[in-house]
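The values are calculated or read from the model by the stated rules, or taken from the named source; none is laboratory data. No experiment lies behind these values; they were computed from the predicted model shown. Because the Cβ atoms are built from the backbone with ideal geometry, glycine has one as well, and the counts that use them run over all protein chains shown. Protein only, heavy atoms only, side chains kept; ligands, DNA and RNA dropped before computing areas. Shrake-Rupley method; radii C 1.70, N 1.55, O 1.52, S 1.80 Å.
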Amino acid sequence: MRRYFYRVSMAVLLSGMFISISACDSNSSENSMTPIVYSVMLDPGSSTLSKGALAENLEFTSGTITIREIVFDGENQSTGESVSTTHEQIAEIDLETGIASPPLKSVLIPSGTYTSANLGVELQDFNSTPTVVIEGTYTRSNATSAPIRFEFNSGEVFEANADAITLIEDRPAIAHITFDPVVWFEVISTQQLDEAETIDGVIVIREGFNDSIFDAVADQLDKSTDVTLK
């Protein structure tokens with residue numbers, strides 16, 4: 001099993017569908033609390049990140065991601081305590097609707113100003129079932145189109161870091177995670193996708209099938225996976 005580790009960039013993205021998750025630190029009973037709200041979405045290629053040669057020929061409209069754990073760590077300057085909360089739950093998130101199955105439970109963390117705040121989201125890695133599936137349509141150079149499906153299977157950890165963040169009591173903080181898979185493919189040439197192998201008419205990009213395309217795309221995942229904690 002190939003494993004990849006990416007550190008994702010911080011970006012300000014505050015709108016869209018959201019799902020809520022929560023957990024309590026064992027030392028937080030005397031502290032005011034802030035709920036953390038997670039928004040996990042698919043950007044269908046409309047963002048300003050999508051500038052590659054294939055941007056006009058690729059459109060991704062649906063997908064799923066399966067997570068197993070969400071971790072928050074930070075130094076609470078208001079209380080002088082180190083805070084670490086871990087929420088373990090296997091759930092599949094529909095990237096088109098933002099709906100998780102089963103529904104993710106609600107987590108609270110102590111309010112205050114944090115330094116060295118870190119948010120980590122770990123993907124499920126249990127069997128051969130893909131943890132990330134993205135689907136859409138590719139239009140070839142000859143104007144014919146075909147469904148395209150990208151599959152990624154690894155216990156990936158996506159991380160976001162912030163130097164400082166203030167969490168206010170009873171005011172939800174939004175952790176917004178957005179995937180723009182068109183950017184994943186910006187290192188792929190039109191010729192490569194035009195000549196890609198298909199399964200029942202579908203261009204399938206996964207480990208062991210269309211390997212050269214898969215390897216290049218997998219190395220790109222961090223470029224367009226943005227996380228904001230604000």
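Figures for the structure shown
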quantity: Descending semi-axes in Å of segment 181-220, equivalent ellipsoid built from Cα gyration tensor; calculated: 16, 11, 9
quantity: Taking the C-alpha atoms of segment 156-209, convex hull volume expressed per residue in Å³; calculated: 156 Å³
quantity: Area projected by the alpha carbon convex hull of segment 42-143, averaged over all directions, nm²; calculated: 9.3 nm²
quantity: Size of segment 96-174 as Cα extents on the principal axes (Å, biggest first); calculated: 57, 30, 23
quantity: Peptide ranges 34-42, 139-147 listed from the most packed, as the mean C-beta count within 10 angstrom indicates; calculated: 34-42, 139-147
quantity: Accessible carbon and sulfur surface of segment 143-227 relative to its total accessible area, %, 1.4 Å; calculated: 44 percent
quantity: √(5λ) per eigenvalue of the Cα gyration tensor, segment 134-187, largest first, Å; calculated: 37, 14, 11
quantity: Segment 86-110 and segment 165-230: distance between their alpha carbon centers, rounded to Å; calculated: 20 Å
quantity: Highest to lowest packing among 100-110, 148-158, scored as the average C-beta count within 10 Å; calculated: 148-158, 100-110
quantity: Rg in Å to one decimal, and Dmax rounded to a whole Å, for segment 111-230 via C-alpha atoms; calculated: 18.1, 57
quantity: Estimated inter-spin distance, SER116 and GLN192, nm [label 7 Å along Cα→Cβ]; calculated: 3.9 nm
quantity: Accessible area (Å², per residue) of segment 54-111, counting only protein heavy atoms and a probe of 1.4 Å; calculated: 47 Å²
quantity: For segment 61-119: span of alpha carbons on each principal axis (Å, largest first); calculated: 43, 21, 15
